[in-house]
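Shown next, in structure tokens, is the structure this report addresses.
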Amino acid sequence: MDLIRKYFSDLTPNQYEQLEALGNLYTDWNSKINVISRKDIDNLYKHHILHSMAVAKAFKFVQGTEIADIGTGGGFPGIPLAILFPECHFTLIDSIGKKIKVATDVAEKTALSNVTCRHERAENVKEKFEFILSRGVMPLKDLISIGKRMTDRKTQRNAYPNGLICLKGGDLASETANFRKITEVMEIKTWFKEEFFKDKKVIYVQL
């Protein structure tokens with residue numbers, strides 16, 4: 001939690017309580033289901049929660065924004081972002097039932113009334129959303145293909161036009177090469193100084 005307070009010093013007491021609760025909830029679930037790599041659970045706050053929250057350094061979603069997190073797993077980046085943006089609605093989608101069970105339980109136990117969890121393949125979702133979130137679940141071209149179908153092009157109320165926001169790491173030149181005109185790559189190391197974030201990015205694609 002020290003890292004969270006270091007980079008997000010203006011949250012409400014309730015938000016800090018919700019974020020702190022994630023530690024025990026994910027640790028408990030991880031002892032039953034491999035939601036996070038067993039070797040990585042000790043880095044939960046840095047590698048998963050704070051990493052997810054990097055999106056909030058670049059985007060300030062307005063009240064009522066509808067956001068889908070595809071391939072959410074146990075709830076990343078959706079659940080930490082739902083805590084940061086309580087007046088927005090997050091739909092967490094994953095094709096693996098046991099992981100959605102974890103996300104559902106965590107959302108309920110942290111009293112996140114702005115989260116809906118769906119056991120479904122993103123390709124089959126019919127609804128439209130203002131933003132599509134993803135945390136490195138597939139190549140960018142595949143995310144864009146799914147995102148185009150899921151993005152609402154009628155409602156525009158945020159500073160960034162509706163589109164795809166994803167968290168990825170490493171050299172992304174080849175992935176972004178064909179989408180340069182509609183893509184913005186943001187370096188997470190601009191906001192977070194830990195070594196882990198040196199090659200991590202937030203990618204925005206206008207759809």
Subset of 109/198; 148/201; 168/193 violating a 28 Å alpha-carbon distance limit: 109/198
I need the phi-derived Karplus couplings for region 42-49: 6.51 cos²θ - 1.76 cosθ + 1.60, θ = phi - 60°, integer Hz, Gly and Pro marked x. 5, 9, 3, 5, 6, 7, 10, 6
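Compute the whole-percent fraction of alpha carbon pairs in region 60-139 spaced more than 21 Å apart. Kindly include the intermediate steps, with their values, before the conclusion.
Numbers: 570 of 3160 pairs.
Looking at region 60-139, the distances longer than 21 Å represent 18 percent of pairs.
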Taking neighbour counts of Cβ atoms within 10 Å as a proxy for exposure, in what order, fewest first, do 131, 59 appear? 59, 131
Backbone N within region 140-170 under 15 Å of label point (7 Å from residue 180 Cα along the Cβ vector): none
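How high is the FRET efficiency between residue 12 and residue 198 when r is their beta carbon distance and R₀ equals 30 Å, given to the nearest 0.05? Provide the component values of the computation, followed by the final result.
Values: r = 31 Å, r/R0 = 1.02.
For residue 12 and residue 198, the calculated efficiency is 0.45.
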Stretch gain in nm, segment residue 33-residue 121, where the contour uses 0.36 nm per residue and the Cα spacing is subtracted: 29.7 nm
So who's got an amide H within less than 5 Å of the one on residue 118, skipping anything under 5 residues away but keeping other chains? H placed 1.01 Å off N, in plane. 92, 93, 94
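No value in this document is a laboratory result; all are computed from the given coordinates. Everything numeric in this text was worked out from a predicted model, so none of it was measured. We place every Cβ from the backbone using ideal geometry, glycine too, and count neighbours over all the protein chains shown.
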